[in-house]
Amino acid sequence: MESNISVRELKILEDAPKTKLRRTIDRVLSALPFVLAVDLILIYELLPNFKKYAANKIAYPVSNIYTVLLGAVAVALLIYFIVSLFSARAFEKLLFKAPLYCVIFLILGAYDFATLKTGILPLPYFPWVDRILMAIVEDRVILLDCIAHSLVLLFAGYFTGTIAGLATGIGAGWSPRVRYWVMPLMKLLGPIPSTTWISIILIIASSLFGGSVFMIALGVWYPVAMSAFNGVSNVDRSNFEVARTFGVKNVGLVFKVAIPAAMPSIFNGLTQGMSIACTALMVAEMLGVESGLGWYINWQRGWAEFAKMYAAVIIICLTFTAVNLVLTFIKKRALRWQA
Amino acid sequence: MGATVEINNLSKIFARQDTSGTLKALDNIDLSVREGEFLTLLGASGCGKSTLLRIIAGLEVPTVGDVKFNGEAIKGTDSSRGLVFQEHTLFPWLSVKGNIEFALKSTKQYAQKKGEVDDWISLAGLWEFKRNYPHQLSGGMRQRAALVRALSVSPKLLLLDEPLGALDSFTRMNLQDELLRLWQEQKNTMIMVTHDIDEAIYLSQRVVVMSPRPGRIAKIIDIPMSYPRNRASGDFEVLRAQILKLMNFAKEVQEEYTI
Ligand SMILES: Nc1ncnc2c1ncn2[C@@H]1O[C@H](COP(=O)(O)OP(=O)(O)OP(=O)(O)O)[C@@H](O)[C@H]1O
Ligand SMILES: [Mg+2]
């Protein structure tokens, strides 16, 4: 029966009550990320820079990009804090994240202090955050282009590999005859990291793009095929029997029963495949393909542009995180039915 | 629109997993089920009731003998022979509603019957849970959902393997009446396994009492009462005593075997 107690009230009812002191500490803690973000701005803007940097503004430029970014973060945190005063749910979430945010800000502050402010960590190996941000802004057009190229290559390979993996894995899981031919292939190719093939592909592939797609696809193929195979062969037999009593046959059993039932396992393979695809993408771009984020890093390394290399690393991190977030979201939606 | 079932000289032998031997689950079963009949199977655990239903459904093949459905030998499953499994086997990846829709779509009746889906859900008392997935339901709720899923496609023959086993007696009696109503409405043939003697007498026109090891038909008892039946009537009482005695006897036979 639908209960009229909300999830939140349920938690309050069932948890031990908090003391007054504890509640005050929690409130202060939830405000701390905002305070630290403001501190960070103050350190960056007001504390004098390392003498050598301050003396030569042309060789060591500083901008207010970092201030703007931190300002935006601080405003967001302030809004979050204000909302949390009224919404218990927001408060709980903020409280949960607060220690993590605080540590991140402390590390950023320490890094700024050690680089821009004192020069303890020297250039060119340790550019300060603003310098990296400036690199991103300066090269934004080319970076966006690199992101686009990387994503195209990544997904071309990922989808090719996924489709091949699903076809072979589901086929092998379903039909003993397909299994007979596919299994040896999987056993043989499976343990070889797909990046092993790069040198061969660089030589024989008529197009570098095509070759890289093939290499990424090969890497994705194995975990997807394996997980689809395991998923399909482990489907509870009773599911097929029920479907059969409703007249479902052969191909229908594969698509209406085997595949949906194997989805949890298949998604494990898809996640694994994505991390392999990202690795293979970087290898392909660093060794052959003349575009994309991997190529950009390599290119900047040639010029010893550390700020730009770090900039690319950050962009790569953000891009792959975004891709994985999307994948996780799809997975959660598709597997809602799981306990 | 009912259907007939002819079982001739049927025996089923299973290969045993534990030893390399075999096990006789059904021995020389002869039974003919009339069109539109409501038949119940009673018998101790392990006497082959589920096996018999699975053979009629086409999920299992007879070792000896044959089973005819409407005069034709049974070959594999068909949507005209529905089966409610003993373990309420809903598809875990589909909601209650999705499970019923699966049945209707698979039997190509969805276009014509999609308006009935909600009625079936209500009949099972699962209105508030229609979007829930099986793991979010209680055992009895899953059983009711599986029952209405099988009913929704109105098969000519419905095989029910302890479909009301996990329910409290009140819900159970309610659903017994619903089953009777649907049977009278759709005029299909029902073969139902139950462990409850009262349920067998209340619902069926004939009760098949089976004895175990190997599974045999001990006796077939006619229930000549008209519907709706009164559980407190004298006739009911007499039949109950008769079947109870038969089942005890069937058990004794089994014990003699085992000693
Ligand atoms: N697939 C199988 N492989 C081997 N033995 C089986 C198989 N299915 C059933 N049996 C055996 O056949 C016999 C009859 O089983 P069945 O499930 O038909 O009994 P039942 O009358 O439905 O019992 P219950 O009332 O407990 O459900 C049992 O001894 C069982 O061990
Ligand atoms: Mg059984």
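Values in this text are rule-based calculations from the coordinates and carry no lab data. Bear in mind that the values here come from a model prediction, so they are computed numbers and not experimental data. With ideal geometry, Cβ positions are generated from the backbone for all residues, glycine too; neighbour counts draw on all protein chains shown.
Below are the figures for this structure:
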quantity: Hits among lysines - C-alpha to C-alpha of A:Lys331 under 20 Å, sequence gap 8 or more where chains match; calculated: A:Lys256
quantity: Net charge of neighbours whose Cβ lies under 15 Å from the Cβ of B:Asp222, counting Lys and Arg as +1 and Asp and Glu as -1; calculated: +3
quantity: Chain lengthening between A:Leu325 and A:Val313 when straightened (0.36 nm per residue, less Cα-Cα); calculated: 2.5 nm
quantity: Long-range tail of P(r) for segment A:2-138 (Cα pairs > 18 Å, %); calculated: 63
quantity: Neighbouring partner chain Cβ atoms per residue of B:90-100, average, 10 Å criterion; calculated: 4
quantity: Sequence-distant residues sharing a close amide H with B:Phe38 (under 5 Å, placed H); calculated: B:Met190, B:Gln205, B:Arg206
quantity: Lys, Arg +1 and Asp, Glu -1 on Cβ, resulting dipole of the protein assembly as shown about Cα centre, debye, nearest 20; calculated: 780
quantity: Gyration tensor (Cα) of the protein assembly as shown, equivalent ellipsoid semi-axes in angstrom; calculated: 68, 33, 19
quantity: Segment B:16-66: Cα Rg divided by the 2.2 N^0.38 Å rule of thumb; calculated: 1.30
quantity: Sites A:Ile204 and B:Lys187 - FRET efficiency at Förster radius 51 Å, r taken between beta-carbons, to 0.05; calculated: 0.10
quantity: Label point distance in nm, A:Phe155-A:Ala110, each placed 7 Å from Cα along Cα→Cβ; calculated: 4.0
quantity: Within-14-Å neighbourhood charge of B:Lys75 [Cβ basis; K, R +1; D, E -1]; calculated: 0
quantity: Inter-label distance, nm, simple model (7 Å from Cα along the C-beta direction), A:Leu42/B:Glu87; calculated: 6.6
quantity: At R0 = 60 Å, FRET efficiency that the Cβ-Cβ distance of A:Lys97 and B:Phe14 yields, to 0.05; calculated: 0.55
quantity: Convex hull of Cα atoms in segment A:206-339, direction-averaged projection (nm²); calculated: 10.5
quantity: Environment charge of B:Ser32, counting only residues whose C-beta is closer than 13 Å and scoring Lys/Arg +1, Asp/Glu -1; calculated: -2
quantity: Three semi-axes of the equivalent ellipsoid, chain B, Cα gyration tensor, whole Å, largest first; calculated: 29, 22, 18
quantity: Highest average packing first - B:203-211, B:75-83, Cβ atoms within 10 Å; calculated: B:203-211, B:75-83
quantity: Contact order relative to length of chain B, as percent, for alpha carbon pairs under 8 angstrom and 6 or more apart; calculated: 26
quantity: Enclosed volume per residue, in Å³, of the convex hull spanned by Cα atoms of segment B:89-154; calculated: 71
quantity: Calculated Rg and Dmax of segment B:118-236 using C-alpha coordinates, Å; calculated: 15.4, 45
quantity: Chain A: Cα Rg divided by the 2.2 N^0.38 Å rule of thumb; calculated: 1.31
